[in-house]
Amino acid sequence: MADHIKIVETTIRALKILSETNEGMGVRELSRMLEVNKSTCHRMLLTLEDNGIVNYDNSNQKYQPSLGMLQIANKTAEHNNLINTALPHMTRLRDLTNETIALYVRILDYRIVVAKVESNLDLRWSPVIGNAYPLHRGAASKVFLTCESDELFQQVLENFSEDKDKDKFVQEIREAKLNQYATSVNEIELGGTGIAAPIYDKEDNLAAVVSIYGLSSRIDNKMLGSFIEEIKQTAMNITKGLTLTLKH
């Protein structure tokens with residue numbers, strides 16, 4: 001584990017160094033600055049090149065950042081903008097419902113917690129920032145799947161062994177797409193209820209999902225109806241704020 005952490009730290013340092021040079025840098029010079037041997041440095045650069053993070057210039061035998069690095073920076077900025085825009089609305093929703101509010105983005109076939117505002121109650125759901133959840137369970141997963149390709153949708157359905165479970169899940173996705181929200185009971189944790197709604201970017205693409213999660217014993221049918229309206233309004237407010245921010 002320590003070796004893996006050291007490799008990550010060295011890679012981050014290498015990217016910082018490369019981002020600060022206009023002409024690129026060769027293996028020998030970079031390895032000296034990183035205080036690693038040339039073969040280690042070269043393997044690291046080849047891996048970064050294979051992943052589109054750096055480019056190699058044959059004319060001067062130097063490496064420099066590629067557009068892939070810029071895309072990562074842009075995506076990070078987008079996520080930071082999303083979180084900054086969403087948090088005030090999430091806090092308001094927590095105060096209204098007194099349940100935990102979470103914000104997710106999708107990476108590959110998982111949804112990742114990127115922000116949260118926890119309930120003030122003793123018994124509450126406490127998601128960990130960065131935790132990943134599969135797309136075949138939970139209200140937020142259903143919302144994400146309303147905008148996904150048939151190929152990914154079929155992959156997710158392979159997680160169900162019973163046809164009746166697949167049919168129920170497919171119907172829930174259809175309803176989520178029509179109604180712009182989804183619910184779940186006992187899918188993430190026993191005794192837990194989730195309600196989720198979509199957040200869109202300026203091009204009307206699904207950018208994120210916001211959710212309420214609390215104990216089923218606290219969320220009766222009347223309260224569930226109220227929470228559905230509140231989560232939908234919160235998602236719309238975040239969408240509006242995100243769109244306005246992106247226009248500037």
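Numbers for the structure displayed
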quantity	calculated
Subset of the range 154-210 that is closer than 30 Å to L244 by Cβ and among the basic types (K, R) - its residue that is nearest to the chain's Cα centre (by Cα)	K202
Given (1) in a helix (DSSP H, G or I); (2) free of Cβ contacts under 8 Å to residues at least 24 places away in the same chain, index of the condition T234 fails	(2)
Some residue of the range 212-223 being assigned to a strand (DSSP E or B), more than 20 Å from T85 (Cα to Cα), among the small types (G, A, S) and assigned by TED's automatic domain parsing to the domain that holds I107	yes
Residue in the range 37-51 that is under 30 Å from K6 (Cβ atoms) and in a loop (DSSP other than H, G, I, E, B) present	yes
Close pairs (7 angstrom Cβ cut-off, 6 or more residues apart or separate chains): in contact (Cβ under 8 Å) with a residue 40 or more places away in the chain in the range 180-201, crowded, with 22+ Cβ neighbours inside 10 Å and of a type in the set (D, E, K, R) anywhere	A182/K142
Residues (out of contact with any helix residue (DSSP H, G or I) (no Cβ under 8 Å at 6 or more places or on another chain) and either among the hydrophobic types (A, V, I, L, M, F, W, C) or without any contact (Cβ under 8 Å) to a residue 24 or more places away in the chain (or both)) located in the range 202-213	E203, D204
Some residue of the range 15-34 being at pLDDT 90 or above, out of contact with any helix residue (DSSP H, G or I) (no Cβ under 9 Å at 6 or more places or on another chain) and part of a loop (DSSP other than H, G, I, E, B)	yes
Qualifying positions in the range 214-236 - crowded, with 19+ Cβ neighbours inside 10 Å and touching a helix residue (DSSP H, G or I) at 6+ places or on another chain (Cβ under 8 Å)	G214, I219, F227, I231, T234
Check on A196, at pLDDT 95 or above, touching a strand residue (DSSP E or B) at 6+ places or on another chain (Cβ under 6 Å), of a type in the set (G, A, S) and within 24 Å of Y133 (Cβ to Cβ)	yes
Where a residue in the range 163-179 is among the basic types (K, R) and its partner, wherever it lies, is at pLDDT 85 or above and surrounded by 14 or more Cβ atoms within 10 Å (Cβ to Cβ), with Cβ under 7 Å and at least six apart	K177/T146
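The values are calculated or read from the model by the stated rules, or taken from the named source; none is laboratory data. Since the structure is predicted, the reported quantities are computational estimates derived from the model, not experimental observations. All Cβ positions, glycine included, derive from the backbone under ideal geometry; neighbour counts span all protein chains shown.
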